[in-house]
Structures are given as structure tokens and as C-alpha cells.
Amino acid sequence: MDREEMRQQGMRPKMPAYDETPLCSVGKVVRVTLPSGQLRRAMVECVEENEDTVDVAYIDAAEKDQSDATVPTSWLRPLEPGELIFLEPNAFANRLEGATNAKEVGNVLFKLGDVEAAADLYGRALEALERAPCARNTWILANRHGMLLPGKVVLVDDSGKANVELRSEKSVEVVRGIPQNALIGVQLEHLLLQGSLHLNRSRALTQMGQQQEAAQDLSVVIALWAAYSASGSSMQTECKEQLIKAYYLRAKTRISRQRPEPARADIRSAWAVGPSTATAALLRQAERDVEIMEKEKVRSNKKLAKEIAKLADVAMSGLDEEQLASFGGKQS
């Protein structure tokens with residue numbers, strides 16, 4: 001039965017598979033290789049066959065970026081085979097399986113160089129893992145006074161809000177009526193996967209220049225393992241390595257943002273967990289980076305002070321006696 005016969009009988013024709021349509025097809029999602037080497041996903045909006053160009057709209061373009069462009073057809077390439085399943089609305093019907101596959105495909109995209117697509121896929125996997133409805137006695141993370149704390153759900157009321165027992169190093173506090181969408185679900189049985197998704201997204205965000213957002217992902221990883229310890233579980237070697245890596249990478253984001261003391265605190269925390277020989281070398285280099293940053297900061301401050309003093313001298317030299325007197329000074 002052809003498409004016209006199906007239409008006449010009120011049947012919806014089956015959509016062709018991704019690889020059954022030409023690369024330059026209107027509505028098709030493709031990958032664009034820019035002259036800089038950057039890769040970006042885009043949707044084909046118009047095909048100019050006589051000019052060998054297409055109009056595309058970039059997917060997830062930031063406000064500062066150009067959202068559409070006309071590019072040569074030679075810049076286009078198909079999506080990776082593993083990506084295609086994530087074009088389907090039910091890609092995360094099985095949350096665990098979908099998140100595991102998304103991590104693997106995201107890693108492929110990261111190595112390929114499309115860090116935006118990788119970050120997006122890691123984020124979708126985390127959304128599937130962490131936004132499941134909370135139940136009594138499940139572990140969660142919640143923001144309390146600017147800190148991400150582990151806690152345990154003690155009650156979910158009829159409106160869906162949760163009463164949570166939050167735990168810090170010094171106290172236990174019950175906070176009532178927290179909306180579930182403000183909580184991050186802790187997957188104790190799959191914490192290495194959950195932590196890896198946050199770590200990998202932080203790397204992608206770092207390459208995108210979003211250091212603060214990357215640091216937030218790393219803070220989640222650190223809080224996840226705090227919840228793991230609070231639950232009474234013992235940290236194995238692989239768990240410790242992920243935690244150390246999170247401290248180290250967060251220190252790097254803080255160094256990039258000129259925050260020496262928080263960076264130094266992260267490095268100390270990483271040492272306290274007990275790094276491997278290879279990671280210890282990275283931590284020592286990070287310590288040197290903090291020292292260099294602080295020396296540069298002192299040198300920059302001294303230079304700035306000298307420049308201000310020179311400008312002040314020039315400004316004061318042009319004042320008459322009465323003007324100087326108004327500043328409490330007097331010409332000699």
C-alpha cells in the first residue's frame with residue numbers, strides 16, 4: 001500500500017528512517033562542521049540546490065550565538081548512529097537503561113568534539129535519573145542556605161511536597177514542605193553512573209567556557225558521595241576516585257575564576273580522601289597553579305596601585321592652592 005492509499009483510508013504513513021532520507025532534507029537534524037573545527041547540531045530549514053547551500057537553525061543556540069545560518073552542503077554530516085534513538089520521545093522510558101546509553105553516546109560526542117550535544121545528552125540522562133517522584137526513606141539532595149546537603153525523605157504529603165531530614169557535619173534538621181522539583185534524587189545503587197554523568201557534563205561545560213555551571217555539577221558529585229556515606233555505605237576505591245576527581249576538577253574551575261582559598265580547600269579535601277599516585281601528581285600541580293595565581297594577583301595589585309598613584313599625582317599637580325586646601329593639602 002503506497003502513501004496515497006494510506007492517506008485515503010485515514011492511515012498515517014510510517015515516517016522514513018533517518019538514513020532513508022537525503023542528508024539535505026528539510027526538517028532533518030544534522031551536524032555542521034564549522035571552519036573553526038567546531039561541531040554543532042542543526043535542523044535543515046531550506047535547501048538551495050542550485051547554490052549547494054542550505055539554511056540551518058542551530059539547536060540549543062545560546063543567546064549570544066547566531067541561531068541560524070546559510071552553510072555549504074559540504075559542511076554537513078549525519079548524526080552518529082547511537083544518537084538516533086535519542087530523537088525519539090520515549091528514549092528514557094527505561095530510566096536506567098536510557099541513562100546508561102546516554103552516557104556512552106555522550107562520551108562519543110565529547111570525543112568527536114560536539115561538547116554542546118554531549119552536555120545536552122548528559123543533562124537529559126540526569127533529568128531521567130534524578131527527577132523521579134520521591135518516596136519515603138529515599139535519599140535526596142537539597143539546597144539549604146546555599147549548601148547542597150544530603151537528606152532522607154520522611155514524609156510526602158498529599159500535595160506532593162516532602163518533609164526531609166537534612167544532614168550536615170554538625171547537625172540534623174527536618175525541613176518541611178519542599179517541592180519535589182527542588183530535590184535531586186540520589187541513586188544509591190547506581191551512584192557511579194549518576195556521578196559520572198555530572199562529572200562528564202562538567203567537563204563539557206568547562207570546554208564551553210561555563211566554569212560556574214561546571215562547578216555546580218561537581219558540587220553535586222561531592223554531595224552525592226556525602227549522601228552515600230550518610231546512608232551507612234562504605235566507600236570503595238572506585239567511589240573514592242570519583243570523589244577525589246570531583247574535588248580536583250572543582251578546584252580547577254575555582255582557579256580559573258581567581259578563587260584561591262576555595263580552590264585550596266578543595267585540594268585539601270582531595271588529599272584527605274587518599275588519591276592514587278597519578279591523581280596526587282595532578283593535585284600537586286593544582287597547588288602550584290594556586291601559588292602562581294596568588295603571586296600574579298599580588299603583582300597585579302601592586303601595578304594597579306602604582307598606576308593609581310601616578311594618576312593622583314598628575315591630577316593634584318593641576319590644582320591651585322584653594323583647590324588643594326579643600327582636600328586638606330597645601331602647595332609647597
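Values for this structure:
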| read-out | value |
| --- | --- |
| Where E307 falls short, out of the listed (1) of a type in the set (D, E); (2) loosely packed, with under 13 Cβ neighbours inside 10 Å; (3) under 16 Å from A246 (Cα atoms) | (3) |
| Residue under evaluation K28, criteria (1) modelled with pLDDT of 95 or more; (2) open to solvent by less than 40 Å² (accessible area, probe 1.4 Å), criterion not met | (1) |
| Residue list for the stretch 73-121, restricted to those being acidic (D, E), in a loop (DSSP other than H, G, I, E, B) and out of contact with any strand residue (DSSP E or B) (no Cβ under 9 Å at 6 or more places or on another chain) | E88 |
| Test: G232 is open to solvent by 60 Å² or more (accessible area, probe 1.4 Å), at pLDDT below 95, among the small types (G, A, S) and more than 20 Å from W271 (Cβ to Cβ) | yes |
| Any chance A128 is surrounded by 14 or more Cβ atoms within 10 Å (Cβ to Cβ), touching a residue at least 12 places away in the same chain (Cβ under 8 Å) and in a helix (DSSP H, G or I) | yes |
| Residue match in the stretch 169-176 (condition: in a strand (DSSP E or B), over 25 Å from the mean Cα position of the chain (by Cα), surrounded by fewer than 21 Cβ atoms within 10 Å (Cβ to Cβ) and not hydrophobic (A, V, I, L, M, F, W, C)) | yes |
| Yes/no for A42 being surrounded by 13 or more Cβ atoms within 10 Å (Cβ to Cβ), under 24 Å from A118 (Cα atoms) and at pLDDT below 80 | no |
| Qualifying residue in the stretch 75-84 (condition: of a type in the set (D, E) and under 18 Å from the mean Cα position of the chain (by Cα)) | no |
| Some residue of the stretch 193-202 being of a type outside the set (D, E), more than 13 Å from the chain's Cα centre (by Cα) and modelled with pLDDT of 95 or more | yes |
| Pairs with Cβ under 6 Å, 6+ apart, first in the stretch 270-296 and within 18 Å of L243 (Cβ to Cβ), second of a type in the set (G, A, S) and surrounded by 14 or more Cβ atoms within 10 Å (Cβ to Cβ) | L283/A270; A286/A251 |
| E165 touching a residue at least 40 places away in the same chain (Cβ under 8 Å), open to solvent by 40 Å² or more (accessible area, probe 1.4 Å) and among the charged types (D, E, K, R) | no |
| Hits in the stretch 255-272 (condition: in a helix (DSSP H, G or I) and closer than 20 Å to A214 by Cβ) | I255, S256, P260, E261, P262, A263, R264, A265, D266, I267, S269, A270 |
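The values are calculated or read from the model by the stated rules, or taken from the named source; none is laboratory data. Quick caveat: nothing in here was measured; it's all calculated off a predicted structure. Note that each Cβ is placed from the backbone with ideal geometry, even for glycine, and that neighbours are counted across all protein chains shown. Keep in mind that these areas ignore ligands, DNA and RNA; they rest on the heavy atoms of the full protein, side chains included. Shrake-Rupley method; radii C 1.70, N 1.55, O 1.52, S 1.80 Å.
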